[in-house]
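The values are calculated or read from the model by the stated rules, or taken from the named source; none is laboratory data. As the structure is a prediction and not an experimental result, all values here were calculated from the model. Cβ: placed from backbone, ideal geometry, glycine included. Neighbour counts: every protein chain shown. Surface accessibility is based on the protein's heavy atoms, side chains included, excluding ligands, DNA and RNA. Shrake-Rupley method; radii C 1.70, N 1.55, O 1.52, S 1.80 Å.
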Amino acid sequence: MSGSRSTIGGPSASTSTHRSDASTSKPPPGILYTKSELHEDPLLRDLRLTLHLSYALDAQLDLQLQPLIEDDHAMPAQVASKTYDLPLEITDAIVAWSQADGDNPNELRRLSLVSKVFARSARKALFRSIHSLLSTSSLMRLRSALSSSPELSRHVRKVDLSNPNCRWEPNLVSEFFRRASGLLRETPLVHEISILHIALSDNVRRRLFGALSALRIKKAIFDASCWSNSSNHRPSRDTSLDMDAFIFTLTRWSSLKVLSLHGYNLYPRVICPSSLPLHSFPKYNLRMLDVASCDLNGSILLWLLGSSNSSLRQLNLSNVTGLTLDVLETALGMVGKSLVELQITLDQDDFTPAQPPRSINPKVFSSLVKLKTLVISTDMETTTLLDEIAHLPLLSFLGLNCPTLAYSKIERFLQEDLQSLRDLSLDLWGDDDSWTCYTRFLAARACRTKGVDLLLDGCDGLELEDAWFGIGAGMDLSEVWEDMERLDWPVRKQAELAQ
């Protein structure tokens with residue numbers, strides 16, 4: 001009885017001898033124990049069980065690989081087929097990862113030599129963004145490449161026609177945009193466009209804006225230019241037609257999410273309230289509106305917002321003219337409940353001259369319940385604004401660039417709860433007597449107590465505190481360490497300075 005063996009788990013011993021070579025080199029896959037082994041140390045028994053299980057798995061793997069081993073030609077063929085069956089989504093992800101830090105044509109060229117699948121993904125990434133179009137010859141070569149491989153035109157998503165580095169020749173501008181309109185017609189899936197808006201002839205303007213209005217643009221950047229016209233350019237005598245085509249294109253882009261307008265403040269690149277179509281209103285739902293150096297007379301700002309009352313997340317108004325406080329407050333009231341980021345750079349002189357000087361109605365900021373980033377640069381009074389800004393529930397970054405910003409206002413602001421505020425950036429224009437070395441130190445210490453990172457005139461909180469203690473770069477701290485540890489030292493030093 002003592003020599004008899006019991007089987008615990010696994011198949012019987014007879015099934016483990018399916019191959020003569022496996023039975024001689026490895027123990028059978030069944031887990032066999034004598035009765036005496038059943039009462040041995042549990043750790044040793046678990047170790048023995050683990051070894052027997054590994055042998056069983058090896059034997060099962062040998063059974064599955066046997067057909068490939070017996071057929072010398074089967075395995076290389078199957079392995080070769082598996083080598084080129086890499087999903088296109090994986091190669092696209094690899095190529096996208098290689099371009100994460102920016103466009104790198106050399107890296108795409110190396111990836112295209114790996115295999116046909118990688119070559120397809122590399123070409124797709126290469127033609128996704130078309131930029132650096134500096135001449136009509138570059139446009140001709142690009143259209144020739146797209147014509148020879150029509151599938152590439154469906155990979156183009158972004159086109160830059162903004163004249164980078166001002167390399168265009170004035171006498172070839174009309175021909176350039178005429179060829180660019182043909183390129184846009186051959187790339188129907190473009191959804192991002194950057195363009196230099198200049199005066200064009202009637203024929204070229206119809207071609208260009210006709211091609212633009214047919215696209216499903218999601219992001220558009222327009223840089224207006226008052227480029228001097230040459231004799232070969234021959235722009236239209238009626239400059240209002242050029243702006244009418246631009247406005248009509250905006251009404252056609254129902255998928256637009258990001259709109260940036262720069263430089264529409266000088267004739268003839270000015271959006272006139274009279275040119276806005278009363279019967280046609282933008283149907284897009286913007287997530288971002290960026291307007292810089294533009295003239296916004298009348299209700300132009302409200303018209304540009306379109307149907308973005310509940311979709312706008314970011315609003316940037318920088319150096320715009322012609323606004324009235326009533327229009328600005330109405331616009332903020334329209335989109336305030338959805339705004340996450342707001343940047344306003346407006347001085348009193350930027351508003352309509354007939355507007356009496358007053359500050360923005362602080363009640364407007366009470367509706368910005370989702371606002372996380374607020375940057376205000378103005379010479380208007382901001383005292384009442386700070387009282388409302390302090391109660392914004394989600395505000396994490398506040399930037400103020402105001403000449404009327406006294407220390408007493410910031411001191412009162414920092415006494416509020418400010419649970420969500422993490423960064424405070426202050427730029428002081430004038431020589432306000434309230435901002436001394438000591439008050440800067442107090443502001444830095446108050447921010448540090450509340451867990452807020454302070455940046456005051458380019459100096460962070462630690463630099464402000466070091467300046468108050470008289471510590472410079474590379475200074476030996478042991479000379480002033482005893483004074484720094486005294487809690488009454490700042491007060492004592494302030495009294496000494498007062499004497």
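Let me have the relative contact order for the range 270-388, percent, based on Cα pairs under 8 Å that are six or more residues apart.
23
Where in the range 117-134 does the amide nitrogen come within less than 18 Å of the point 7 Å from the Cα of Ile94, taken along Cα to Cβ?
117-126
Using a 7 Å offset from Cα along Cα-Cβ at Gln419, what residues in the range 371-397 end up with backbone N under 14 Å from the label point?
391-396
I need to check one value: relative contact order of the range 110-211, counting alpha carbon pairs closer than 8 Å and at least 6 residues apart, in percent. Mind dumping the intermediate values first?
Working: 108 pairs, mean separation 28.6, N = 102.
In percent, rounded to a whole number, it is 28.
Of Lys257/Lys337; Lys124/Lys219; Lys283/Lys337; Lys116/Lys219, which sit over 26 Å apart, Cα to Cα?
Lys116/Lys219
So with the 1.4 Å probe, I'd like the accessible area per residue for the range 251-311, rounded to whole Å².
That works out to 43 Å² per residue.
Between Val369 and Arg120, what is the label-to-label distance in nm when each label sits 7 Å out along the Cα-to-Cβ direction?
5.0
For the range 379-468, what is the accessible area per residue in Å², given a 1.4 Å probe and the full set of protein chains?
Values: 4270 Å² over 90 residues.
Averaged over the residues of the range 379-468, the accessible area is 47 Å².
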